[in-house]
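One structure below.
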Amino acid sequence: MPLQLFLVRHPVPVAADGLCYGRLEVAVENQTTIAAARSVRKAIPARALAEAQICSSPSLRCLGLARLIATPQEPTTHEDLTEMNFGDWQGRGWDEIPREQLDAWAADLWNYRPGGGESAAMVAVRWERWITRMRQSDPRCLIAVTHAGVIRVALSRCGKTPDATVVAMTVPFGSVHQVTLD
């Protein structure tokens, strides 16, 4: 039976514009999380919401949204849904990162390790491990509240986005991306 998968990006964080935050904890205003939950609930069919297993990155910006979506249940957290590790780029402004490093990443989107952290290929290994483990429990529907990097990789691995453009694709805060897996 096909698996309906809904990938949800966390709400917009406070004071993080222009910042490479990656795995850093960044605050999200409560009202922003509530508004994102309303929007997500409108974007996902009621039947899917009722039967879905809801999973989340352990990051607080994801977990807060996942809890509102899952209410009255509690979502399960999975380290494999954590954002890409940007190494020593994390916490720096994008404009502070040397141009040659950004160019090196752009030249090898899948294998370059930004800031000495993780490559997109490494995130893909985590994604594959998570989706394989989840499919073993034979769910009909999964909702994963996660991060832009994980969503980009997942959409690529699910055949929804070409590998060459995946890292550059826009993934808006609070957006929902639906994939059907056979």
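Please treat every number below as a calculation from the coordinates, not as lab data. This is a predicted model, so every value here is computed, not measured. Methodologically, a virtual Cβ is constructed for each residue, glycine included, from the backbone with ideal geometry; neighbour enumeration extends over all protein chains shown.
Among residues that are in contact with a Gly (Cβ under 8 Å, 6 or more places away or on another chain) and within 22 Å of VAL8 (Cα to Cα), VAL150 is not included.
Does any residue of the stretch 126-148 turn out to be among the aromatic types (Phe, Trp, Tyr) and part of a loop (DSSP other than H, G, I, E, B)? For the stretch 126-148, residues among the aromatic types (Phe, Trp, Tyr) and part of a loop (DSSP other than H, G, I, E, B): absent. GLY115 satisfies every condition listed in (1) in a helix (DSSP H, G or I); (2) more than 16 Å from SER57 (Cα to Cα); (3) out of contact with any Gly (no Cβ under 7 Å at 6 or more places or on another chain) except (3).
Would you mind stating whether ALA124 is surrounded by 19 or more Cβ atoms within 10 Å (Cβ to Cβ) and farther than 18 Å from SER59 by Cβ? Taking the combined requirement at face value, the residue satisfies it.
Checking the stated criteria, THR82 turns out not to satisfy the condition of being surrounded by fewer than 18 Cβ atoms within 10 Å (Cβ to Cβ) and within 13 Å of the chain's Cα centre (by Cα). In the stretch 39-79, of all residues being touching a residue at least 12 places away in the same chain (Cβ under 8 Å) and of a type in the set (S, T, N, Q), the one that is surrounded by the most Cβ atoms within 10 Å (Cβ to Cβ) corresponds to SER56.
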